[in-house]
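The values are calculated or read from the model by the stated rules, or taken from the named source; none is laboratory data. Only a predicted model underlies this, so the values are computations on that prediction, with no experimental measurement involved. As a convention, Cβ positions derive from the backbone with ideal geometry for all residues, glycine included, and neighbour counts pool all protein chains shown. Only protein heavy atoms, including side chains, enter the accessible area calculation; ligands, DNA and RNA are left aside. Shrake-Rupley method; radii C 1.70, N 1.55, O 1.52, S 1.80 Å.
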Amino acid sequence: MKAVIMAGGFGTRLRPLTMNIPKPMVPVINRPIMEHVVELLKNHGFKELIVLLYFQPEAIQNYFQDGKRWGLRIDYIKPEADFGTAGSVKKAQPYLEDTFLVISADVLTDFDLEAALRFHKEKKSSATILLTRVKDPRAYGIVITGEDGRVLSFLEKPTWGEVFSDTVNTGIYVLEPEVLEKIPPDYPFDFSKDLFPILLKEGFSLHGLIAPGYWRDIGNLEDYRLAHMDVLHGEVNLKVEGTRINRVGMDVWVGEGVKIHPRARLRGTVILGEGSQVGEGAYLHDSVIGPRTVIWEGAQITDSVIWSNCEIGKDARIKKAILGYGVKVGSIASIQEGSVIADGCLIGNKATVSSGVRVWPYKHVEGGAYLTGSLIWGDRWTRNLFGNYGITGLANQEITPEFAAKVGAAYGTLLKKGQAVISSYDGHRASRLIHRSLMAGLLSTGINVYDLGQVAIPVARQAIVSLEAAGGVHVRKSPFNPQVIDIKFFDETGLDLPPVREKAIENSYFREEFLRVSPEEVGTISFPSRILEYYQESFLHALNLDALRDARFKVVVDYGFGTASTVLPMLFGKMGVEVVALNAYLDERKITKSEEEYEEALKTLAEIVVSLKCNAGFMLDAGAEKLFLVDDRGRILSGDESLACIAYLVLKAQPGKTIAVPVTASSTLEEIARSFEGRVIYTKTSSSAMMLEAKKKEAVFVGEVKNGYIFPEFQPFTDGMFALAKILELLSLEKAILREVSSLIKPRAMVREHLACPWEMKGTVIRRLLEENARNKIVALDGVKIYFDNSWVLVLPDKDRPLLHINAEADTEEVARRLVELYLKEISSWIGVK
């Protein structure tokens, strides 16, 4: 049997450990990780290996040579470019005349590969994907199979809302040579994104096997350390070199020539590479120590991985850290949890490397220094930068000028040198600080910047299109937390940046490989002069001004101390609308509101509407994206009611048309659509998903239950200012007021709750829901929506928090609440919550 080992990865997420060696050569329990893969293949009867190389190929080739040391034959192929997983395997086609296996060089597993081959043959499959179940499936491709193992569907690297199973693709495949004919030569092509969907579509026999045993993709530095902990705890069957000393309280593996002082204390499981030394009073717990490493008296090492030729000084403290080749740690120094020290570094006496810091190769931390950030960049090290609201963090603590400049450089590196982007902010001084730092990072990569200053978000979005920019950034104080800053990114059409491009910025940020141009190529800053006028002209052009003027509306508008106050007042006069303005000036102290302050502001608005006998009241958020409605009798419309009223007005004015709403929206909207021979399209709950639907222009209106509304005839993104004007226009055409419209709509009962759920259990919960409700109608567009007679329940994982949202709708609140409580109880039992 032949196997193909994919060993061409750059290992960027393992940097700085992979600055000097390719990822397959990174040691796991003192042997290259690829050697464990080679041993696994040998133990399961494979005789010939084809290794695909790309990055630093000599290091791999020099170590494994022709494979005779393992009783194998190894051939090497070096593709001239990065052709993706399937595209690279295509290069091995001349060697593959029969069934073969594909495996990555950087995966740690003890799967029974012979059992996988038997399954493949029994099913007469063209391709078999080995699957496993993981706690957090978002970093992998989800695969759904039928009872017979036949693959039904794929979803590559989903968000939490898209997760419908915890069963994922391990990147280990058993394939027939015929499938290689479907891979184009010399072209980037991926197994899960490209080849397997083609095989599924064309009717090939494609199966998935949920393989028992251990599997871990060593995708990042913490995964790397945890893989060692799994080995030490006996969770994976790997060959450990050395002699085993098993005594009460300790399980120690020692290589040849190891010296351990009699008064050294070793606890848990410890692996000591050949020639290493442990001094008097030293304490080691659940750690792997590389060959020829010396640990002096009193040093304490806990849950850590230390490579070869290191020296740990007297009374030093190392906890949950990783040290590369030849690192020297001085006496009484402290390496704290999550730190990574690369090859050849010197950490001085009494120095402290704080949690999460990465130190690049051959750096010197002076004695007594307290290092709180990476020596090169690394001031902020998290797994994900982006959340629901872009990049979010504490102002001037997590979102610092240094961090913002780095993010700007990461973004600029992905654009073409000489392109332009817009940059804007909400008027707060902290936002302005970060706005300017972002621009500095962008300029350093040769990107030109249009500085719009303080503008409303919808104006900034439209400016991208009118200026033909490549994208944009907007900085704002969080609408909900006065200590938090949000950085929002837009694409070249003004829409929120799609997740794939957010991930590209994250990867650029974490790789810390930024384009740095020459002084003559540094970008320029310009200040466009007529952006506001362009917005206002297109705004008015999209409205029926005659109908608005004839209606002579009198309304109260709360501008929320935000940037809408610089745009709307001059438009109302041309619309013929009499306005009582509240909070119509910029005040950076009042941009952010708590939930209680929002409710109080709405109550005040409602009281003024009634006392002044106005037709309606409207409140805008500080960014002018959201719009809240109050009728003439001072009743504050809920998000569901507001959405239903607008949908009614839109479809009454344009019968037979289509509207789009998220899966969380009430089915009342379907009843409204039917009454006007219209149609409802459901989207995911994210604002980017709604905007993408609006961009298609199939729907004449896109709205959500959280007061964001899009009219694609004007712009394909949320704009509270235009929504306000459009609602008044629709009311004028209907010759009605909000109260009259809302009285025509029969509401249904909606109950919304949430449940704390560990991140690692979300995928399991979604899979159990799908399995146990298989007989019901189910929609897995975003979370899992389960339909019953005249009711439904939706379980939706939160993208940013360890929560599940549970929504239910029924004819009565009692039934809806009963549904929510039923699923709260059932899911709680699955995740162990009492």
(message) With both bridge residues required to lie in the chain, what share of the DSSP beta bridges run antiparallel, to the nearest 5%?
(response) 45
(message) If the only charges are +1 at each Lys and Arg Cβ and -1 at each Asp and Glu Cβ, what is the size of the charge dipole of the range 677-769 around the Cα centre, to the nearest 20 debye?
(response) 400
(request) Would you pull out the residues with amide H under 5 Å of residue 387's amide H, same chain only if 5 or more places away, H placed 1.01 Å from N? (result) 392
(request) List every residue whose amide H lies under 5 Å from the amide H of residue 294, counting only residues 5 or more places away in sequence or on a different chain, with H placed 1.01 Å from N in the peptide plane. (result) 277, 310, 311, 312
(request) Quote the accessible area belonging to residue 486 in square angstrom, nearest 10, computed with a 1.4 Å probe and with ligands, DNA and RNA left uncounted. (result) 0
(request) Identify, among 12, 570, 728, the residue whose Cα sits farthest towards the positive end of the charge dipole of the chain, taking +1 on the Cβ of Lys and Arg and -1 on the Cβ of Asp and Glu, with the dipole about the Cα centre. (result) 12
(request) Measure nothing fancy, just the Cα-based angle from helix 401-413's long axis to the longest principal axis of the chain, in degrees from 0 to 90, nearest 10. (result) 90
(message) Taking the Cα centroid of the range 416-431 and of the range 252-328, what is the distance between the two, rounded to the nearest whole Å?
(response) 50
(request) Determine, from the Cβ-Cβ distance of residue 364 and residue 240 and an R0 of 30 Å, the FRET efficiency 1/(1 + (r/R0)^6), rounded to the nearest 0.05. (result) 0.30
(message) Using 0.36 nm times the number of residues separating residue 133 and residue 349, minus their current alpha carbon distance, what extension gain do you get?
(response) 73.3 nm
(request) With a 1.4 Å probe and every protein chain kept in, tell me what percent of the accessible surface of the chain is carbon plus sulfur. (result) 49
(message) Report, in listed order, any pair from 657/735; 574/695; 68/135; 239/319; 123/182 with a Cα-Cα distance greater than 30 Å.
(response) 68/135
(request) Can you work out the accessible area per residue across the range 740-794, with the rest of the protein chains kept in place, probe 1.4 Å, in square angstrom? (result) 51
(message) If you count only protein heavy atoms and use a 1.4 Å probe, how large is the accessible surface of residue 259, to the nearest 10 Å²?
(response) 130
(message) Once R0 is set to 60 Å, what does the formula 1/(1 + (r/R0)^6) return for the Cβ-Cβ distance between residue 526 and residue 70, expressed as a FRET efficiency to the nearest 0.05?
(response) 0.45
(message) Please list, in order along the range 666-675, the HN-Hα scalar couplings obtained from phi with the Karplus expression 6.51 cos²θ - 1.76 cosθ + 1.60 (θ = phi - 60°), rounded to whole Hz, x for Gly and Pro.
(response) 5, 6, 3, 5, 5, 5, 4, 4, 4, 5
(message) Heavy atoms only, 1.4 Å probe, whole protein assembly: order 34, 19, 25 by accessible area, highest first.
(response) 19, 25, 34
(request) Could you calculate the FRET efficiency of residue 733 with residue 822 from 1/(1 + (r/R0)^6), where r is the beta carbon distance between them and R0 is 35 Å, rounded to 0.05? (result) 0.20
(request) For residue 78, go through the aspartates and glutamates and keep the ones whose alpha-carbon is under 12 Å away, minus same-chain ones fewer than eight residues off. (result) 58
(message) At 1.4 Å probe radius, can you tell me the per residue accessible area of the range 539-582 in Å²?
(response) 40
(message) Sequence gap at least 6, Cα distance under 8 Å: using those rules, report the relative contact order of the range 229-295 to the nearest whole percent.
(response) 27
(message) Restricting to Cα pairs below 8 Å that are 6+ residues apart, what does the relative contact order work out to for the chain? Please round to a whole percent.
(response) 8
(request) Please give the contour-minus-distance gain from residue 779 to residue 698: 0.36 nm per residue of separation, less the Cα-Cα distance, rounded to one decimal in nm. (result) 27.0 nm
(request) For residue 209, enumerate residues with amide H under 5 Å from its amide H, sequence gap 5+ or separate chain, H modeled in the peptide plane. (result) 129, 130, 131
(request) Determine ³J(HN,Hα), in whole Hz, for all residues of the range 271-288 in sequence, where each value follows from phi through the Karplus function 6.51 cos²θ - 1.76 cosθ + 1.60 and θ = phi - 60°; x replaces Gly and Pro. (result) 10, 10, x, 3, x, 7, 9, 10, x, 4, x, 5, 10, 10, 9, 6, 9, 10
(request) Mind pulling the angle between the C-alpha long axis of helix 595-611 and the longest principal axis of the chain? Nearest 10 degrees, somewhere in 0 to 90. (result) 10
(request) As a check on your grasp of the helix formula, calculate [θ] at 222 nm for the chain: sum -39500 (n - 2.57) over DSSP H runs of n ≥ 4, divide by the residue count, round to the nearest 500. (result) -8500 deg cm²/dmol
(request) Let me have the relative contact order for the range 179-315, percent, based on Cα pairs under 8 Å that are six or more residues apart. (result) 14
(message) What are the ³J(HN,Hα) couplings of the range 553-563, residue after residue, when phi is run through the Karplus curve with 6.51, -1.76, 1.60 and θ = phi - 60°? Round to Hz, x for glycine and proline.
(response) 5, 10, 10, 9, 10, 9, 7, x, 6, x, 6
(message) Please give the Cα centre distance for the range 492-518 versus the range 42-92, rounded to the nearest Å.
(response) 32
(message) Output the 0 to 90 degree angle, nearest 10, between the alpha-carbon long axis of helix 33-43 and the longest principal axis computed from the alpha carbons of the chain.
(response) 70
